[in-house]
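Asker: Attaching a single structure in structure tokens format; questions to follow.
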Amino acid sequence: MSTRIVARQCTLCEAHCGILVTVEGDRVARIEGNPEDVLSQGYICPKATAMGGLHHDPDRLRTPVRRVGDGFEPIGWDEAFREIGRRLRAIRREHGPSAIAMYLGNPAAHSSSVLYGALLRMALLTRNFYTASSIDQFPQEFAAWRMFGSNVLMPIADIDRTDRLVILGANPAVSNGSVTTMPNAKQRIKDVRGRGGKVVVIDPRRTETARLADEHMAVVPGGDVHLLLAVLHVLATENLCDEAAIRRQCAGWDELRALVADFTPELAAPHAGVDAETIRRFAREHAAARSAVLYARIGVCQQVTGTLTHWLVNTINAVTGNLDRAGGQMFSTPPVDAPRVGKYLPMAHGAWTDRSGRYKSFRSELPVAALADEILTEGEGQVRAMITYAGNPVLSTPQAGRLDAALESLDFYVAVDMYITETTRHADIILPPVSPLEREDVNLLFPVFSVRNNLRYDARVFEPPADGLEDWQILARMITEVVPLPARRLTSRALNGVFERLSPLRLGALGIAAGPYGVLRRGRKGLRVKDVREAPGGVDLGPLRPRLPKLIGTRDRRVRIAPPDFVTAARAIVDDVRQAPPAGPEGYDLRLIGRRHLRSNNSWLHNVPAMVKGRDRCTVLVHPADADPRGLAAGDPVTVSSTTGSIVVTVEISDDIRPGTVAIPHGWGHSEPGVGWQLAASLPGANVNLLHDPALVDPLSGTSAVNNTWVSVTATSPGTQGRPAETAAASAR
Ligand SMILES: Nc1nc2c(c(=O)[nH]1)N[C@H]1C(S)=C(S)[C@@H](COP(=O)(O)OP(=O)(O)OC[C@H]3O[C@@H](n4cnc5c(=O)[nH]c(N)nc54)[C@H](O)[C@@H]3O)O[C@H]1N2
Ligand SMILES: Nc1nc2c(c(=O)[nH]1)N[C@H]1C(S)=C(S)[C@@H](COP(=O)(O)OP(=O)(O)OC[C@H]3O[C@@H](n4cnc5c(=O)[nH]c(N)nc54)[C@H](O)[C@@H]3O)O[C@H]1N2
Ligand code: SF4
Ligand SMILES: [Mo]
């Protein structure tokens with residue numbers, strides 16, 4: 001049996017760790033870390049082996065399928081594309097372009113095929129475009145856009161050089177970093193302390209990351225905004241800021257100082273759940289550090305205060321002189337210089353809204369919270385057809401249990417996915433791409449957010465099957481089907497011919513050639529795709545370098561630290577601070593937040609045996625002080641209810657979680673009829689998004705505030721475990 005080893009990356013999460021895949025015959029025998037990888041240096045997490053599990057998974061679709069009755073039957077590619085074109089064009093003719101909605105999910109961003117996803121979105125000319133970003137990093141993009149003039153300019157925490165790392169609402173010891181690509185985050189965090197620095201984690205749960213830190217501050221969910229406003233108060237009133245940096249870089253200091261003038265730690269404490277003395281000490285220590293950086297991620301994004309919190313994070317970094325300097329918050333210089341061109345992208349917040357007028361478009365898309373309504377609400381502008389690409393919104397977005405019915409009601413639904421999931425089971429046609437190990441790629445997105453500038457390469461481990469298509473090829477064919485073409489029979493073939501020559505890899509090579517390291521700038525010494533192909537660990541392009549003020553998209557090239565709409569929204573918080581913190585609706589006395597597990601990745605690794613062996617993962621974590629009065633014992637099935645819905649899961653008791661708060665992971669609840677992932681369907685767990693009210697969003701960015709749900713937890717009778725209980729909203733609406 002022949003044995004070979006192929007170097008590439010694991011593309012499951014943003015870390016994109018370098019892996020060495022040992023292939024024996026036609027099977028993956030082993031996946032190990034690649035010690036030569038310039039960013040991950042041999043590190044992998046337990047999920048890496050899932051790359052093999054996915055490839056060999058018998059439940060993974062290998063051919064397009066068409067719905068017949070309650071099941072699916074194989075169908076040829078040409079027939080599938082013809083049918084898709086015919087149906088989508090007819091719907092557009094009759095109801096207009098916005099009758100076709102598109103949803104783009106997280107794994108799309110992990111291959112360059114996403115470029116074709118963006119092109120398809122443009123070809124559709126629909127207002128109904130949705131992505132997972134509006135339950136993820138939208139607040140970060142929104143804050144970056146208003147402060148730096150471009151949504152691409154989400155600053156990166158320079159954690160490899162900082163003397164003080166403060167992490168809010170992120171658990172990189174498990175997630176390995178997001179919007180700051182940092183493979184082996186655990187070691188990088190330990191290294192901060194190893195070189196004499198300090199690490200502070202602000203999180204309602206004593207997380208795996210908090211355990212690595214010097215200090216853990218168990219903030220109340222959503223209390224970060226109070227905490228940070230009070231920190232700013234101390235920094236401003238005790239003259240602890242870097243005035244020279246503020247004069248050089250920022251605009252709005254006077255407004256900001258006025259805003260926080262009376263916002264004392266004593267007033268903030270009951271809202272933040274952190275005592276005043278700790279807040280004062282935190283601010284002083286932060287200002288005294290040689291370099292210091294606040295790094296915040298989705299824990300605070302998924303809050304009604306998501307954008308405000310990210311604004312305050314960036315602002316504190318700026319006013320303490322830690323923006324655009326080593327050890328602070330920085331911007332990358334990636335091979336395709338997205339940070340430089342980002343400011344030319346149209347953001348046009350509110351260019352259109354959903355039909356209710358509640359959700360504004362941002363970045364040319366609508367918040368996903370509007371999706372079920374846009375399909376179900378009858379009348380002018382109703383969505384009649386849907387395309388999903390690499391997403392599982394039935395499990396990953398709050399829709400009050402209505403998205404199943406909504407998808408089922410569509411005239412036509414086509415999914416680009418390799419599994420029959422809770423979402424794609426409603427499709428008329430499913431188009432599966434080849435497995436990740438069958439594609440060749442150079443990912444140009446994550447170097448934009450990496451802790452070091454780099455370029456890395458994904459080699460094919462297996463040749464794709466003769467009739468296999470990559471995502472971009474599938475999407476290109478769909479573009480051909482939906483763009484208006486004269487003499488379609490003749491011209492569509494010509495257009496396909498053009499697309500086939502424009503693989504994302506080729507387009508990427510052009511981008512690299514024109515980029516800061518490329519042959520067009522550096523001549524013959526410039527970086528080419530060929531160079532990374534020949535460097536099995538990729539190419540290191542050095543540490544992050546200062547890039548301001550040039551990069552900034554604001555007119556005077558200054559950082560807006562007091563955007564008027566942010567100040568107005570914060571003013572309301574300041575004005576209300578003397579009132580008692582809000583309580584939940586009658587009968588709901590616990591706050592629900594999310595949680596991620598090292599062997600799980602959102603909704604879609606649960607069919608790989610090595611990822612789900614061992615204990616039930618979809619448990620509700622409850623503090624003993626909350627479990628005891630409710631008579632809950634570890635391992636009991638319990639009913640978790642909100643005003644929106646209710647589910648049954650197993651209880652886990654731990655003092656790692658802040659009293660009054662409970663945590664449940666998302667992406668579970670696979671036992672719906674008709675799903676194709678057999679192993680996943682056999683597992684316990686329920687869909688936590690049935691509990692979250694879709695109407696609860698960050699009012700600035702429209703991001704779903706899923707870390708802000710009031711719930712009750714009650715003992716339940718055994719035997720109902722793992723099944724969604726009755727969904728209140730499904731009957732109420
Ligand atoms: N309550 C709650 N909800 C959350 C979150 C939370 O913390 N709490 N987190 C949110 C976040 S951060 C995210 S990113 C979203 C994720 O939400 P989604 O992106 O909607 O869903 P995923 O679970 O990532 O599902 C990915 C789908 O893509 C398919 N897929 C995988 N690889 C490929 C590929 O290469 N090509 C194609 N065509 N398909 C592929 C998989 O089979 C799967 O069906 O969930 C969000 N939802
Ligand atoms: N193993 C694994 N890795 C992953 C993923 C996965 O599903 N599994 N998903 C990937 C994806 S798509 C993403 S976007 C990233 C996300 O990466 P992270 O942002 O690191 O995500 P989480 O692990 O959900 O961490 C969020 C933290 O916020 C805390 N939190 C909740 N509410 C609040 C609050 O109000 N304030 C504060 N301060 N903290 C709060 C939670 O307790 C939790 O510890 O992870 C990626 N990596
Ligand atoms: S951290 Fe794990 S899942 Fe993420 S890229 Fe690295 S090995 Fe893959
Ligand atoms: Mo995400």
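This table checks each residue for (1) surrounded by fewer than 20 Cβ atoms within 10 Å (Cβ to Cβ); (2) within 15 Å of ligand 2 (Cβ to nearest atom).
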| position | (1), (2) |
| --- | --- |
| R524 | yes, no |
| L527 | no, no |
| I552 | no, no |
| P564 | yes, no |
| G587 | yes, no |
| L592 | no, yes |
| H606 | no, yes |
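Asker: Assuming A48 fulfils every condition listed in (1) closer than 20 Å to A109 by Cα; (2) touching a residue at least 40 places away in the same chain (Cβ under 8 Å) apart from one, which condition is it?
Answerer: Going through (1) closer than 20 Å to A109 by Cα; (2) touching a residue at least 40 places away in the same chain (Cβ under 8 Å) one by one, A48 breaks only (2).
Asker: For the stretch 49-73: of the residues being among the hydrophobic types (A, V, I, L, M, F, W, C) and either part of a loop (DSSP other than H, G, I, E, B) or within 16 Å of ligand 1 (Cβ to nearest atom) (or both), which is surrounded by the most Cβ atoms within 10 Å (Cβ to Cβ)?
Answerer: Of the stretch 49-73, the ones among the hydrophobic types (A, V, I, L, M, F, W, C) are 50-51, 54, 61, 65, 68, 72.
Okay, now just the ones that are also either part of a loop (DSSP other than H, G, I, E, B) or within 16 Å of ligand 1 (Cβ to nearest atom) (or both), so 50-51, 54, 61, 65, 72.
Values: A50: 25, M51: 23, L54: 22, L61: 20, V65: 23, F72: 21.
So the residue we want is A50.
Asker: Which residues, counting only those in the stretch 1-37, are open to solvent by less than 60 Å² (accessible area, probe 1.4 Å), in a strand (DSSP E or B) and either in contact with a helix residue (DSSP H, G or I) (Cβ under 8 Å, 6 or more places away or on another chain) or in contact (Cβ under 8 Å) with a residue 40 or more places away in the chain (or both)?
Answerer: Those that are open to solvent by less than 60 Å² (accessible area, probe 1.4 Å), in a strand (DSSP E or B) and either in contact with a helix residue (DSSP H, G or I) (Cβ under 8 Å, 6 or more places away or on another chain) or in contact (Cβ under 8 Å) with a residue 40 or more places away in the chain (or both): V6, A7, R8, Q9, G18, I19, V21, V23, V28, I31, G33.
Asker: Something else: Select, from R477, R493, R425, R489, the only residue that is over 30 Å from S682 (Cα atoms), at pLDDT 95 or above and open to solvent by 10 Å² or more (accessible area, probe 1.4 Å).
Answerer: R477
Asker: Go through G196, G177 for me and flag whichever is more than 9 Å from ligand 2 (Cβ to nearest atom), of a type outside the set (F, W, Y) and either outside any helix (DSSP H, G or I) or assigned by the TED database to the domain that holds A283 (or both).
Answerer: After ruling out the rest, the residue left standing is G196.
Asker: Tally time: how many residues in the stretch 142-163 are out of contact with any helix residue (DSSP H, G or I) (no Cβ under 7 Å at 6 or more places or on another chain) and within 24 Å of T388 (Cβ to Cβ)?
Answerer: 0
Asker: Additional query: Test S435 against the stated conditions and say whether it is away from ligand 1 (no atom under 11 Å from the Cβ), surrounded by fewer than 22 Cβ atoms within 10 Å (Cβ to Cβ) and within 22 Å of the chain's Cα centre (by Cα).
Answerer: Criteria not met by S435.
Asker: Hey, does the stretch 505-516 have a residue that's open to solvent by 20 Å² or more (accessible area, probe 1.4 Å) and in a loop (DSSP other than H, G, I, E, B)?
Answerer: No - not one qualifying residue is present in the stretch 505-516.
Asker: For the stretch 261-356, which helices (runs of 4 or more DSSP H) that fit wholly inside it have 3 or more residues that are open to solvent by 20 Å² or more (accessible area, probe 1.4 Å)?
Answerer: Ranges flagged: 265-272, 276-288, 338-341.
Asker: A follow-up question, please. Can we say V461 is in a loop (DSSP other than H, G, I, E, B) and either more than 22 Å from the chain's Cα centre (by Cα) or at pLDDT below 95 (or both)?
Answerer: In short, yes.
Asker: Any chance the stretch 690-702 includes a residue that's part of a helix (DSSP H, G or I), at pLDDT below 95 and either open to solvent by 30 Å² or more (accessible area, probe 1.4 Å) or under 30 Å from V65 (Cβ atoms) (or both)?
Answerer: Taking the stretch 690-702 first, the residues part of a helix (DSSP H, G or I) are 690.
Among the residues that remain, those that are also at pLDDT below 95 are: none.
No, because not a single residue in the stretch 690-702 is part of a helix (DSSP H, G or I), at pLDDT below 95 and either open to solvent by 30 Å² or more (accessible area, probe 1.4 Å) or under 30 Å from V65 (Cβ atoms) (or both).
Asker: Look through the stretch 675-689, keep the residues that are under 21 Å from the mean Cα position of the chain (by Cα) and part of a loop (DSSP other than H, G, I, E, B), and return whichever of them is nearest to ligand 2 (Cβ to nearest atom).
Answerer: It comes out as N687.
Asker: Right, something else. What residue, of G381, G391, is closer than 18 Å to M102 by Cβ, in contact (Cβ under 8 Å) with a residue 40 or more places away in the chain, open to solvent by 30 Å² or more (accessible area, probe 1.4 Å) and in a loop (DSSP other than H, G, I, E, B)?
Answerer: G381
Asker: Of the conditions (1) farther than 29 Å from M147 by Cα; (2) touching a strand residue (DSSP E or B) at 6+ places or on another chain (Cβ under 9 Å), L376 clears all except one; give me its number.
Answerer: Failed condition: (2).
Asker: Among (1) in a strand (DSSP E or B); (2) within 30 Å of D417 (Cβ to Cβ); (3) of a type outside the set (S, T, N, Q), which single condition is V638 missing?
Answerer: (2)
Asker: Just the residues that are under 15 Å from L88 (Cα atoms) and either charged (D, E, K, R) or outside any loop (DSSP other than H, G, I, E, B) (or both), please, taken from the stretch 477-492. Break it down stepwise before answering.
Answerer: The initial filter retains those residues of the stretch 477-492 that are under 15 Å from L88 (Cα atoms), namely 477-485, 488.
Once the filter is applied, which keeps residues that are under 15 Å from L88 (Cα atoms) and either charged (D, E, K, R) or outside any loop (DSSP other than H, G, I, E, B) (or both), the stretch 477-492 yields R477, M478, I479, T480, E481, V482, R488.
Asker: Restricting to the stretch 147-198, what's the tally of residues that are within 14 Å of G327 (Cβ to Cβ), open to solvent by 10 Å² or more (accessible area, probe 1.4 Å) and hydroxyl-bearing (S, T, Y)?
Answerer: 0
Asker: Any chance the stretch 659-673 includes a residue that's farther than 25 Å from A415 by Cβ and either open to solvent by 10 Å² or more (accessible area, probe 1.4 Å) or more than 13 Å from ligand 2 (Cβ to nearest atom) (or both)?
Answerer: yes
The values are calculated or read from the model by the stated rules, or taken from the named source; none is laboratory data. If you're wondering where the values come from, they're calculated on a predicted model, not measured in any experiment. Every residue, glycine as well, gets a Cβ built from its backbone with ideal geometry; the counts of neighbours run over all protein chains shown. Accessible surface is based on the protein model in full, side chains and every heavy atom, while ligands, DNA and RNA are left aside. Shrake-Rupley method; radii C 1.70, N 1.55, O 1.52, S 1.80 Å.
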